[in-house]
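The values are calculated or read from the model by the stated rules, or taken from the named source; none is laboratory data. From a predicted model like this one, the values you see are computed outputs, not experimental measurements. Note: accessible area is taken over every heavy atom of the protein model, side chains too, but ligands, DNA and RNA are not part of it. Shrake-Rupley method; radii C 1.70, N 1.55, O 1.52, S 1.80 Å.
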Amino acid sequence: MAVPRPATPPPPYSATAPPPGPPPPYTPTAQPHSDPPPPYPAVPPGGFDPRKLSDTQLDELTHRLISRITRLVRTELRLDRERIGQLRDGRR
């Protein structure tokens, strides 16, 4: 049986004073591209063109994507809560 170790408190918060004066001006490091982006590729006949989706089709696609993402995020949050609970539960 493992002996629980006492939790060590976090180090005290030390706020540092902001540097005096305004921040330095922004200077971009990379030069912007002079070439225009490539044109949208032509969709072959009978192919899927996302620009031609109706509002109903777009709503359905959004719903399907969001429901999958929501399920994954909920699972991650639940696993985090379980992990935190296991770390703080002194009965184990």
Next item on the list: Hey, can you tell me all the residues within the stretch 20-37 that are open to solvent by 100 Å² or more (accessible area, probe 1.4 Å) and at pLDDT 70 or above?
Entry: Pro20, Pro22, Pro23, Pro24, Pro25, Tyr26, Thr29, Ser34, Asp35, Pro36, Pro37
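Listed here are the residues, each with its yes/no results for (1) at pLDDT 80 or above; (2) in a helix (DSSP H, G or I); (3) over 28 Å from the mean Cα position of the chain (by Cα); (4) not hydroxyl-bearing (Ser, Thr, Tyr).
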position	(1), (2), (3), (4)
Pro39	yes, no, yes, yes
Phe48	yes, no, yes, yes
Arg51	yes, yes, no, yes
Arg64	yes, yes, no, yes
Ser67	yes, yes, no, no
Thr75	yes, yes, no, no
Leu79	yes, yes, no, yes
Ile84	no, yes, no, yes
